[in-house]
Amino acid sequence: MEVPINETFAGIPSGTGSNFNSIYAQEILAEYGMNLGDFNIMHVMPSELEWNGAAAWGQKPGTVTAFRDQYADHVHIQVHEVGHNFGFGHSGFDGDGYGDHSCSMGGGQAASDDGPAMCFNGVKSFYTDW
Ligand SMILES: [Zn+2]
């Protein structure tokens, strides 16, 4: 659903932007007897919001993710943020908070849609019961 927003986004926190989106989206859904809380939400918003250097974020745990527009089609970032929705933290190794390069919750600079192929590491996969 594309939600027209009548607010100034420049410089406001991305969390505040997603709250605006949710308010406007709920108004539209209510016209059809639906509730925003019945959906998983992926916000795609402009880069001029304040992202604190992040490409995206995911509610942990939860049903909401938010993406800077230029990263919204990056599958490895989508998987990472949905991992936060599952309740997962980052996968670190050897003092690096993103240092587990075998896991979508780590990866850091090694993560890319071009490879290496990865999902969640063994421990996180166990908790998803996959
Ligand atoms: Zn993360």
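The values are calculated or read from the model by the stated rules, or taken from the named source; none is laboratory data. Remember, predicted model here, so these are calculated numbers, not experimental data. Using ideal geometry, Cβ is built from the backbone for each residue, glycine included, and neighbour counts are taken over all protein chains shown.
Values for this structure:
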item: Any hit, the stretch 89-110, residues being in a strand (DSSP E or B), closer than 25 Å to E7 by Cβ, away from the ligand (no atom under 14 Å from the Cβ) and at pLDDT 90 or above; result: no
item: Residues of the stretch 50-64 classified as buried (at least 20 other Cβ atoms within 10 Å of the Cβ) and away from the ligand (no atom under 13 Å from the Cβ), total; result: 1
item: Selection within the stretch 1-16 - under 17 Å from L36 (Cβ atoms) and at pLDDT 85 or above; result: G15, T16
item: Flag for N19 being under 21 Å from V79 (Cβ atoms) and either at pLDDT below 95 or away from the ligand (no atom under 16 Å from the Cβ) (or both); result: no
item: Filtered residues of the stretch 81-130 (kept if among the acidic types (D, E), closer than 25 Å to I41 by Cβ and free of Cβ contacts under 8 Å to residues at least 12 places away in the same chain); result: D129
item: Qualifying residue in the stretch 22-44 (condition: within 30 Å of M118 (Cβ to Cβ) and assigned to a loop (DSSP other than H, G, I, E, B)); result: yes
